[in-house]
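What follows is one structure encoded as structure tokens, with my remarks underneath.
The values are calculated or read from the model by the stated rules, or taken from the named source; none is laboratory data. Treat the numbers as computed from the prediction; the structure is a model and nothing was measured. Note: ideal-geometry Cβ built from the backbone for every residue, glycine included; neighbour counts use all protein chains shown.
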Amino acid sequence: MQNKKIMLSANNAFVIYNFRYGLMKALEQEGYEIITLAGEDSVAEEIKNNGWKYINLDIDRRGKNIINDLKLFYSYYKIYKKEKPDYILQFTIKPNIYGTLAAKILGISVINNVTGLGDVFSKENLTSKIVKLLYKVAFKFPKKVFFQNDDDLEIFLKNKLIDRKICGRLPGSGVDIEKFKPLKKENSNEKFKFLFLGRISETKGVRLINEASKLLRDKYPNVEFQLLGKVYTEESSHVSKEELKEWEKHSNIKYLGTSKDVRNEIKECDCILFPSYYREGVPRSLIEAAAMAKLIITTNNVGCKDIVQDGYNGYLAEPKDLDSLIEKIEKVLSLGKEDIEKLGLNGRKKVEKEFDEKIVIQKYLEVIQK
């Protein structure tokens, strides 16, 4: 067993290290050698500090240039051929497609994870047709393909992109419920704080938060809307840092930048606000927040509704609907302290039962050991 290699491949190092750390630790304990392959970011060093091999991959996760994608396919082929892993665990669209095709040529076993479908399946155009065709070809070959929600699984089956026999279901990426647990606030809140966690992108609903904040500012001067996350300037739907500064002048918005440990920001907020209309897998930030017993407002949207049960551990607004979002914000502001705590603790119970990362790790180990 000692010499068996498992490679984890994704768009960027952050996705692997932050969402798959527990899985890598478990595989290491089983005696596997761990290799990671992803685009470089600040987290790459953390991977190496754990004694795991990190290989930098030149990948444009949103690019649609066919020449670049052919180069990416060739990169996968060269790296997989050189490293000779026994298994490859792939996450996100391009590794799932091009990595799978390269692994097939080399006869390497692959387990894929559909971590959300993003914008591609939200509209019918040439790009979506090409991506569906690529999925249909590539997904003939994995040993297993895990889906994070039933909506995505059904889309693949309905479009005949996959054989049901190789499909599996996971509760998102799961979280370490010992690490993400209810923590006491350190600062006495003079303000009621709503916290958004995620990419600072229009499709994640940040513009809606700004609009809601402007409309509610005079009525609720004691409320603050915090935005925590990275601005990806290469994304067409990103909101720039300059624009965020303008927002701060005219609303109760506060941009916090990024965080090395989101538990610090989650514990100090009163409610998580995530009005995404992007095709999510199951948003990791919502699982983390629920695990820390935080009440959540999100949307009745793919992936988001898997973690929030309306009225039980939070509230679901309609996607892209400002009035619906404001209604839910005002509902939360009308709640007493005990009700807020009860909804938060219900979220913790839900995570313990459905989203513990041990469930995810066990399913991976079962497939690999088969």
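The strands (runs of 3 or more DSSP E) found wholly in segment 40-120 and carrying at least 3 residues that are closer than 19 Å to ALA26 by Cβ occupy 87-91, 109-114.
Do you know which residues across segment 231-255 are touching a helix residue (DSSP H, G or I) at 6+ places or on another chain (Cβ under 7 Å) and either assigned by TED's automatic domain parsing to the domain that holds VAL120 or surrounded by 12 or more Cβ atoms within 10 Å (Cβ to Cβ) (or both)? VAL231, SER237, VAL239, TRP247, SER251, ASN252, ILE253, LYS254, TYR255 - these are the residues of segment 231-255 that are touching a helix residue (DSSP H, G or I) at 6+ places or on another chain (Cβ under 7 Å) and either assigned by TED's automatic domain parsing to the domain that holds VAL120 or surrounded by 12 or more Cβ atoms within 10 Å (Cβ to Cβ) (or both). Screening GLY168 against (1) assigned to a loop (DSSP other than H, G, I, E, B); (2) small (Gly, Ala, Ser); (3) within 19 Å of GLU366 (Cα to Cα) leaves a single unmet condition, (1). Please find, within segment 163-173, the residue that is nearest to LYS370 (Cα to Cα) out of those that are in contact with a strand residue (DSSP E or B) (Cβ under 6 Å, 6 or more places away or on another chain) and in contact (Cβ under 8 Å) with a residue 40 or more places away in the chain. That would be GLY168.
Restrict the check to segment 9-16 and report whether at least one residue is closer than 22 Å to SER109 by Cα and touching a Lys or Arg at 6+ places or on another chain (Cβ under 7 Å). Within segment 9-16, one or more residues are closer than 22 Å to SER109 by Cα and touching a Lys or Arg at 6+ places or on another chain (Cβ under 7 Å). Condition check: in contact (Cβ under 8 Å) with a residue 12 or more places away in the chain and exposed (fewer than 14 other Cβ atoms within 10 Å of the Cβ). Does ASP58 satisfy that? Criteria met by ASP58. Could you tell me which residue of segment 1-39 is modelled with the lowest pLDDT, considering only residues that are outside any helix (DSSP H, G or I) and within 16 Å of VAL360 (Cα to Cα)? Only one residue fits best here, namely GLU30.
Can you go through GLY281, GLY336 and tell me which one is small (Gly, Ala, Ser), surrounded by 23 or more Cβ atoms within 10 Å (Cβ to Cβ) and on the phi < 0 side of the Ramachandran plot? That would be GLY281, the only listed residue that is small (Gly, Ala, Ser), surrounded by 23 or more Cβ atoms within 10 Å (Cβ to Cβ) and on the phi < 0 side of the Ramachandran plot. Those strands (runs of 3 or more DSSP E) of segment 216-278 in which 2 or more residues are within 19 Å of the chain's Cα centre (by Cα) occupy 223-228, 271-274. LEU228 - would you say it is closer than 30 Å to LYS353 by Cα, hydrophobic (A, V, I, L, M, F, W, C) and outside the structural domain of LEU170 (by TED's automatic domain parsing)? So LEU228 fits the description; yes.
Within segment 279-315, the set of residues being in a loop (DSSP other than H, G, I, E, B), hydrophobic (A, V, I, L, M, F, W, C) and in contact (Cβ under 8 Å) with a residue 60 or more places away in the chain comprises VAL282, MET292, ALA293, VAL302.
Among the residues of segment 339-358, the one identified as without any contact (Cβ under 8 Å) to a residue 40 or more places away in the chain and surrounded by 17 or more Cβ atoms within 10 Å (Cβ to Cβ) is ASN346. In this entry, LYS160 is excluded by the filter for residues that are part of a loop (DSSP other than H, G, I, E, B), touching a residue at least 12 places away in the same chain (Cβ under 8 Å), under 27 Å from GLY229 (Cα atoms) and not assigned by TED's automatic domain parsing to the domain that holds ASN264. Take the conditions (1) over 26 Å from GLY281 (Cβ atoms); (2) at pLDDT 90 or above; TYR76 misses just one of them, which is (1). Within segment 189-203, is there a residue that is assigned to a helix (DSSP H, G or I) and either outside the structural domain of ARG279 (by TED's automatic domain parsing) or of a type outside the set (S, T, N, Q) (or both)? Yes, there is a match, as at least one residue in segment 189-203 is assigned to a helix (DSSP H, G or I) and either outside the structural domain of ARG279 (by TED's automatic domain parsing) or of a type outside the set (S, T, N, Q) (or both). Under the condition of being among the basic types (Lys, Arg), out of contact with any His (no Cβ under 9 Å at 6 or more places or on another chain) and farther than 16 Å from LEU325 by Cβ, which residue from segment 196-249 is modelled with the highest pLDDT? Result: LYS245. Pairs linking a residue in segment 187-208 that is under 19 Å from ARG263 (Cα atoms) to a residue that is of a type in the set (Lys, Arg), with Cβ atoms under 6 Å and 6 or more positions apart or on different chains, are GLY198/LYS204. Checked against (1) of a type in the set (A, V, I, L, M); (2) at pLDDT 90 or above; (3) in a helix (DSSP H, G or I), ILE130 meets all criteria but (2).
Take LYS160 and decide whether it is of a type in the set (Lys, Arg) and touching a helix residue (DSSP H, G or I) at 6+ places or on another chain (Cβ under 6 Å). So LYS160 does not fit the description; no.
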